[in-house]
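Student: Have a look at the structure that comes next, please.
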Amino acid sequence: MIWKQIPLSLVRALGFFGLLLAGVALFAVVTGPVVLAALGLGRLIDLLLIAHRGPGGGGDVSRDMLATVAGLICCRFVLPVALLAIRRLAMLTRRLMERWCGVPIASAYRPRPVGPGRLGYQRRMSWLLGDPGTWRDLLWLVVNATAGLVLLLLPAVLTGLGVVVFLQPLLSDRPHVMFAIGLAFVAAGLGTAPLLLRGYADLARLVLAPSEEAKLELRVRHLAQTRRETLDTGAAELRRIERDLHDGLRARVTGSLDGRPPAPVESAAYFAVSELLANVAKHAGANGAEVDLRHSSGSLRISVSDDGDGGADPSRGTGLAGVGRRLAAFDGVLVVSSPAGGPTLVTMEVPCALS
């Protein structure tokens, strides 16, 4: 079986070698402008410090200034694009590692900052350079160009060397010895190709895979962002409901609770009642509504009634179906009684305990 994998392993190693060369080029694009700007700025500072020594103590100021400006311009326009390209190259490497070598490599990048329009240079660089995933990608470029290069090229080098030695019997006085040595080199190069390719994949996972702390940090950030989005959505829905409520509707509350239900249930019940009152204001033609709150037998029971025209039907898209789905998430039920001519009584019941 392993002999069937040898040609495929060599081809895949060649593919990874192409990615390695692309990574080396991108690493040069990233570090080149920074080094150029730093060297030029350092030379300018040095020239300013020794300018007092006279005409012979200086250097080519214009050349150093040009190098500094060119480096800064490249940092401004080239560096963010190059960092994103390195990220895409790392993601491609992860996919190929799983597809070709059977080694899945997780990724954990911080999400792009949310905001209107395109990101400015400062926000984009803060996002990229503040992400540990970016530094893992840069580290992989260095490791890949050193240890990774050895793992990828060693089978080809051994095989090529073996072929050269294998041909030496024609020019040697010990043909049998040279033939055996060449054959051993070729066998070693071909035989180790699948094993070294797997080692290359393990090396990539060691460098590119995020730590448990990074995974936890990304999870916390994701939950925080999801929570903000949920709160924003809830606030927008509340503002819509408040706009729909008419000032002339008389929104009466009876009953009492000995404690508070769990926060998710409380939130769901609040928005459900608000939605029902909005329906009364928009569709019922009522002069007033009444909300009754009770808790008994381990369930929160809320009734919303009005003196309107009746005829409320959850299947007609008046929001009642949405209220029912919201309560169903907590094993709650919604019962609607709304004969033609009114009145309408909507009863909600959600199992919960009060604090």
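The values are calculated or read from the model by the stated rules, or taken from the named source; none is laboratory data. On a predicted model such as this, the values are computed, not experimentally measured, just so you know. Cβ sites come from the backbone with ideal geometry, for glycine too, and all protein chains shown count toward neighbours. Ligands, DNA and RNA are excluded from the accessible area calculation, which covers all protein heavy atoms including side chains. Shrake-Rupley method; radii C 1.70, N 1.55, O 1.52, S 1.80 Å.
Student: How would you rank 254-262, 92-100, 268-276, highest first, on the average number of other Cβ atoms within 10 Å across their residues? Could the numbers behind the result be given before it?
Tutor: Numbers: 254-262: 11.3, 92-100: 16.3, 268-276: 20.7.
Top to bottom by mean Cβ count within 10 Å: 268-276, 92-100, 254-262.
Student: If r is the Cβ-Cβ distance from V11 to L206 and R0 is 30 Å, what FRET efficiency results, to the nearest 0.05?
Tutor: Details: r = 24 Å, r/R0 = 0.80.
FRET efficiency, V11 to L206: 0.80.
Student: What is the spin-label model distance, in nm, from D313 to L21 if the labels are put 7 Å beyond Cα along the C-beta direction?
Tutor: Placing both labels 7 Å along Cα→Cβ, they lie 7.1 nm apart.
Student: While we're looking at this one, here's another question. Kindly report, to the nearest 10 Å², the accessible surface of I105 as traced by a 1.4 Å probe over protein heavy atoms only.
Tutor: 20 Å²
Student: Can you give the charge dipole size of region 77-211 about its Cα centre, rounded to the nearest 20 debye, using +1 on the beta carbon of Lys and Arg and -1 on the beta carbon of Asp and Glu? Can you show the working numbers first?
Tutor: On the way: 14 positive and 5 negative charges, 166 e Å.
About 800 debye.
Student: Let me ask something else about it. Would you kindly state how much longer the chain becomes between V177 and A38 on full extension, computed as 0.36 nm times their sequence separation minus their alpha carbon distance, in nm to one decimal?
Tutor: Details: separation 139, 0.36 × 139 = 50.04 nm, distance 5.68 nm.
Taking V177 through A38 to full extension adds about 44.4 nm, to one decimal.
Student: When the accessible area of region 275-317 is split by element with a 1.4 Å probe, what percent falls to carbon and sulfur? Each step should come with its number before you reach the end.
Tutor: On the way: 800 of 1980 Å².
Its accessible area is 41 percent carbon and sulfur atoms.
Student: I want to check the label-to-label distance for R221 and A263. Put each point 7 Å from Cα in the C-beta direction and report it in nm to one decimal.
Tutor: Reported label-point gap for R221 and A263 is 2.3 nm.
Student: Let me ask another. Spin-label point model (7 Å from Cα, Cβ direction): what's the A28 to A106 distance in nm?
Tutor: A separation of 3.6 nm, rounded to one decimal place.
Student: While we're here: Tell me, what is the FRET efficiency for M125 and S297 to the nearest 0.05, using R0 = 56 angstrom and their Cβ-Cβ distance as r? Walk me through the numbers on the way to the answer.
Tutor: On the way: r = 60 Å, r/R0 = 1.07.
Computed FRET efficiency for M125 and S297 comes out at 0.40.
Student: Right, here's the next one. At a probe radius of 1.4 Å, what is the per-residue accessible area of D202, in Å² to the nearest 10?
Tutor: 60 Å²
Student: Still on this structure, please answer the following. I need the calculated FRET efficiency for the pair L84 and E213, taking r as the beta carbon distance and R₀ as 25 Å, to the nearest 0.05. Intermediate values should be presented prior to the final figure.
Tutor: Values: r = 24 Å, r/R0 = 0.97.
Efficiency computed from Cβ-Cβ geometry: 0.55.
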